[in-house]
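Peer 1: Would you mind keeping the following structure in view while I ask a few things?
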Amino acid sequence: MNTTDYDPAPAAALLARAWRGAPQLKELPAGQRPADLDQGYRLQDCFIAALDTPTAGWKLGLGSPASLRASNLRRPLIGRLLKARVHADGATVRLTRPETAFTVEFEIAFVLARDIAPGDAPANVLDAAASVHTAFELVQSRYLDRRAVGLPSFVGDGVGFDAFVLGAEIAATSIDDVIPSARIEVDGVEHAVALSGDDLSYPLDSLRYLFDFARERGITLRQGEIVTAGAIARPFDLPRAGVTVVGHYAGGATRVTLAAA
């Protein structure tokens with residue numbers, strides 16, 4: 001199967017049904033699976049279109065140097081944030097499947113200051129940011145095991161996005177202080193601390209990767225879109241919702257309560 005032969009619509013319909021509450025998928029049918037990342041992004045575009053809901057920005061995953069090497073990737077995987085699933089700091093959030101396992105990622109996010117046409121990204125990527133924030137991304141795939149289906153299918157699923165919490169604004173100059181101070185608690189018990197070295201998706205690098213992706217695909221990034229740049233603390237899985245998660249960092253904390261039902 002080459003890229004021009006691939007029709008993403010049948011797989012997108014399956015993913016959209018799973019998003020709306022149908023059972024999670026073990027995998028896509030063999031004849032509907034994307035064979036490479038290009039097909040995976042075509043499937044993602046079709047999946048997002050099938051959901052017929054506004055988007056609010058972008059997410060990046062598997063972006064640390066260690067993850068890129070292990071996955072043989074030249075840039076992180078990139079997905080979309082859905083506006084209806086973006087929440088404020090301190091919100092109570094209902095996951096699509098509260099009784100199903102999910103992954104917690106504490107991140108740095110940017111809000112874009114202006115439209116960025118393909119090839120128009122500033123040399124200093126921070127010049128593109130109106131504000132910088134801490135954030136939580138909550139990953140819950142349409143697949144039973146997102147790690148088993150292969151990267152093209154995972155990309156097609158929007159890189160597992162389920163919900164997002166935009167935390168307090170931080171000073172852009174404090175990013176390098178916030179990252180090593182990150183510490184995540186679940187119901188008051190510490191679950192994760194900061195990533196470092198090759199295990200860290202450095203936020204400014206992630207922003208550059210997104211600009212390169214958008215340039216190659218002819219995408220204009222829009223003023224006000226959110227870019228969540230990958231985990232700064234070790235991601236971890238929880239078996240079900242019904243907990244409160246707090247990300248502590250130098251100068252503040254970001255909180256989300258995951259509703260049990």
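Read-outs: derived from the displayed coordinates by stated rules, not from any lab. For clarity, every value in this text was computed on a predicted model and none was experimentally measured. All Cβ positions, even for glycine, are placed from backbone atoms using ideal geometry, and neighbour counts span all protein chains on display.
Peer 1: Assign unit charges at the C-beta atoms only (+1 for Lys and Arg, -1 for Asp and Glu), then state the dipole size of the range 71-155 relative to its Cα centre in Debye, rounded to the nearest 20.
Peer 2: Working: 11 positive and 9 negative charges, 79 e Å.
Its charge dipole is roughly 380 debye.
Peer 1: Just to confirm the filter: which trypsin sites (Lys or Arg not before Pro) across the range 27-127 are DSSP coil and have at most 10 other Cβ within 10 angstrom of their Cβ? Each step should come with its number before you reach the end.
Peer 2: Values: sites: 42, 59, 69, 74, 80, 83, 85, 94, 114; in loops: 74, 94, 114.
Qualifying residues, ordered by number: 74.
Peer 1: Using Cα springs under 10 Å in a Gaussian network model of the chain, which residue among 163, 130, 229 shows the largest mean-square fluctuation?
Peer 2: Per the Cα network of the chain with a 10 Å cutoff, 130 tops the list.
Peer 1: How much mean residue ellipticity at 222 nm does the chain get from its helices, if each DSSP H run of length 4 or more adds -39500 (n - 2.57) and you divide by all residues, to the nearest 500 deg cm²/dmol? Don't skip to the answer; put the middle values down first.
Peer 2: On the way: 6 runs with 61 residues, N = 261.
The helix-only estimate for the chain comes to -7000 deg cm²/dmol at 222 nm.
Peer 1: Over the chain, what is the relative contact order in whole percent, taking alpha-carbon pairs under 8 Å and six or more residues apart? Each step should come with its number before you reach the end.
Peer 2: Values: 604 pairs, mean separation 73.0, N = 261.
Answer for the chain is 28 percent.
Peer 1: At residue 171 and residue 131, where each label point lies 7 Å from the Cα along Cα→Cβ, what is the point-to-point distance in nanometres?
Peer 2: Output for this residue pair reads 1.7 nm.
Peer 1: Using the basic label-point model (7 angstrom from Cα toward the beta carbon), what is the residue 220 to residue 66 distance in nanometres?
Peer 2: Label at residue 220, label at residue 66, 4.1 nm between them.
Peer 1: In addition: Select from 179, 95, 125 the residue farthest towards the positive end of the dipole of the range 8-258; place +1 on Cβ of Lys and Arg, -1 on Cβ of Asp and Glu, and compute about the Cα centre.
Peer 2: 95
Peer 1: Further, regarding this structure: With springs only between Cα atoms under 10 Å apart, run a GNM on the chain and tell me which of 79, 224, 63 wobbles the most.
Peer 2: 224
Peer 1: Less than 15 Å from a label point 7 Å out along the Cα-to-Cβ axis of residue 199: which backbone N atoms in the range 227-261 qualify, by residue?
Peer 2: 231-237
Peer 1: Another question, if that's okay. For the range 8-258, compute Rg over Rh where Rg is the Cα radius of gyration and Rh is the Kirkwood radius from the inverse mean 1/r over Cα pairs.
Peer 2: Numbers: Rg = 17.0 Å, Rh = 18.1 Å.
Dividing the radius of gyration by the Kirkwood radius yields 0.94.
Peer 1: Follow-up question, since we're still on this one. Running a GNM on the chain with Cα contacts under 10 Å, which residue among 189, 149, 125 ends up with the highest mean-square fluctuation?
Peer 2: Maximum among the listed residues: 189.
Peer 1: Something else about it: Report the paramagnetic label zone for residue 114: residues of the range 214-241 whose backbone N is under 15 Å from a point 7 Å from Cα along the Cα-to-Cβ axis.
Peer 2: 221-225
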